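Trainee: One structure follows; several queries about it will come next.
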Amino acid sequence: MRQAEIARQLRVVPQTVARWAHDYRTQGKSALRKAGRAGRMPRLSEKQRQQLEKLLVAGPERIGYETPLWTCPRVADLIEQEFQVRYHEGHVWKILVGLGWSPQRPEGRARERNEEQVRQWKKQVWPGLKKKR
């Protein structure tokens, strides 16, 4: 098979196939083994990531914050306090996504809100306040 055809089937650029062929000719099959992990190694170990998730579930009040809302700066602070590893706030969201967490926006409602009174107000008072056609 031609290298261009191999590249099309494997969905890689032809230069990659040429490099593989060269490596095979010069070093044999061992040169074609899967490469290791690309990029920098994570600063938190898998065990630390599991510990981090437990700490996140415990809530930010546990470490002194007044509200039960995790923000990226708060999570960065938690990581630095617990593991002595400093992450930029902008990178923390990648860690959270890797743990399966997703961004959430809290509802803007008071805790003391009475849903029944709100429903009655909407049915009885609001229609009288709305502009008529």
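A short reminder: the numbers here are calculations on the coordinates, not readings from a lab. The structure displayed is predicted, hence computed values, not measured ones. Virtual Cβ from ideal backbone geometry, glycine too; neighbours counted across all protein chains shown.
Trainee: R0 = 30 Å: FRET efficiency of Ala18 with Arg40, Cβ-based, nearest 0.05?
Mentor: Efficiency for this residue pair is about 0.60.
Trainee: Then there's this: At 0.36 nm per residue, minus the direct Cα-Cα distance, what do Gln120 and Leu69 gain on full extension? Give it in nm, one decimal, please.
Mentor: Between Gln120 and Leu69, full extension yields 15.3 nm more.
Trainee: May I pose another question? By its C-alpha gyration tensor, with a ≥ b ≥ c as the square roots of the eigenvalues, how is the chain shaped: rounded for a/c under 1.5, else prolate for a/b larger than b/c, else oblate?
Mentor: oblate
Trainee: Here is a further query. Count neighbours as other Cβ atoms within 10 Å of each site's Cβ, and list the GluC sites (Glu not before Pro) in the range 8-114 that are DSSP loop with at most 10 such neighbours.
Mentor: Those satisfying the criteria are Glu66, Glu107, Glu112.
Trainee: So which lysines pass the test for Lys54, namely a Cα distance under 27 Å, with those fewer than 8 places away in the same chain ruled out?
Mentor: Lys54 reaches Lys94.
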